[in-house]
Amino acid sequence: MIALGNPAPEVRCEATLPDGRIESISLADYRGRWIVLCLWPFDFTLPCQADLRAYSDLAHDFAVSGAVLLGASVDSVYAHRAWVRHALGMVHFPLLGDVTRELVQGLGVLAAHGGALRSTFIVDPEGRVVSQSAHAFEVAPSAHETLRLLHALQGGELAASAWPSGEPFAAAA
């Protein structure tokens, strides 16, 4: 997996936008902003559907926190579009189609089955990876925990594991 502090890969992928349009996106396009990137192995899988809905439900909270929320898998943007239209429902953030697997490989989360590990990354405004979390297929990263981590990283102070997002940092010491 990519080491903390390293630059995020600047791979360009096609993305399905919330309005259904397809657009080319690179993480470098968002330099100067926080990025939260969630990855899942393949579209049309029930566990991944629940994961994406959880992130979509918090999309506004990520945006209010000054972060760009992006999702990615090795499926094409056309598979993403079909998944949204016929199973997943509205998703409030872009879904990158990493069919070349360059992004997944650059992050170090290409699994033996050919898809991405269920994982999340937080990239700071300078383009460096400051948080990473990867899990076996059976376990999903928590959208709420990712939002808490984003807030802690943005705060720039020591945050204990029990620190509740939005509270003063000293409260968790």
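The values are calculated or read from the model by the stated rules, or taken from the named source; none is laboratory data. These numbers were taken from a predicted model, which means no experiment stands behind them. Cβ sites come from the backbone with ideal geometry, for glycine too, and all protein chains shown count toward neighbours. With ligands, DNA and RNA removed, areas are computed over all heavy atoms of the protein, side chains included. Shrake-Rupley method; radii C 1.70, N 1.55, O 1.52, S 1.80 Å.
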* Asked: Dipole size in debye (nearest 20) for the chain around its Cα centre, Lys and Arg Cβ +1, Asp and Glu Cβ -1?
  -> 160
* Under the classification rounded if a/c is under 1.5, otherwise prolate if a/b is larger than b/c and oblate if not, where does region 100-155 fall, given a ≥ b ≥ c as square roots of the Cα gyration tensor eigenvalues? -> oblate
* To do: Report the extension gain between residue 61 and residue 85 in nm, rounded to one decimal, defined as 0.36 nm multiplied by the number of residues separating them, less their alpha carbon distance.
  => 6.3 nm
* Asked: How do 10, 23 rank by accessible surface area computed with a 1.4 Å probe, from largest to smallest?
  -> 10, 23
* Using alpha-carbon pairs under 8 Å, 6+ residues apart, how would you state the relative contact order of the chain in percent? -> 27
* Asked: Excluding residue 137 itself, what net charge comes from residues whose Cβ is under 12 Å from its Cβ, given Lys and Arg +1 and Asp and Glu -1?
  -> -1
* Structure fact -> The simple spin-label model distance between residue 112 and residue 53, using points 7 Å out along Cα→Cβ, in nm, is 3.1
* Residue separation times 0.36 nm, minus the C-alpha to C-alpha distance between residue 92 and residue 135: what's the value? -> 13.1 nm
* Asked: So what does residue 39 come to for accessible area, using a 1.4 Å probe and Å² rounded to 10?
  -> 10
* Separation of the residue 145 and residue 160 label points, Cα + 7 Å toward Cβ, nm -> 1.9
* Please say if region 56-130 is rounded, prolate or oblate, where rounded means a/c under 1.5 for a ≥ b ≥ c the square roots of the C-alpha gyration tensor eigenvalues, and otherwise the choice is prolate for a/b larger than b/c and oblate otherwise? => oblate
* Identify, among 62, 88, 113, the residue whose Cα sits farthest towards the positive end of the charge dipole of region 39-115, taking +1 on the Cβ of Lys and Arg and -1 on the Cβ of Asp and Glu, with the dipole about the Cα centre. => 88
* For residue 108, which sequence-distant residues (separation of 5 or more, or a different chain) have an amide H within less than 5 Å of its own amide H, given hydrogens modelled in the peptide plane? -> 2
* Asked: Across 10 Å bins from the origin, how do the percents of Cα pairs in region 10-92 run, short distances first?
  -> 18, 53, 28, 1
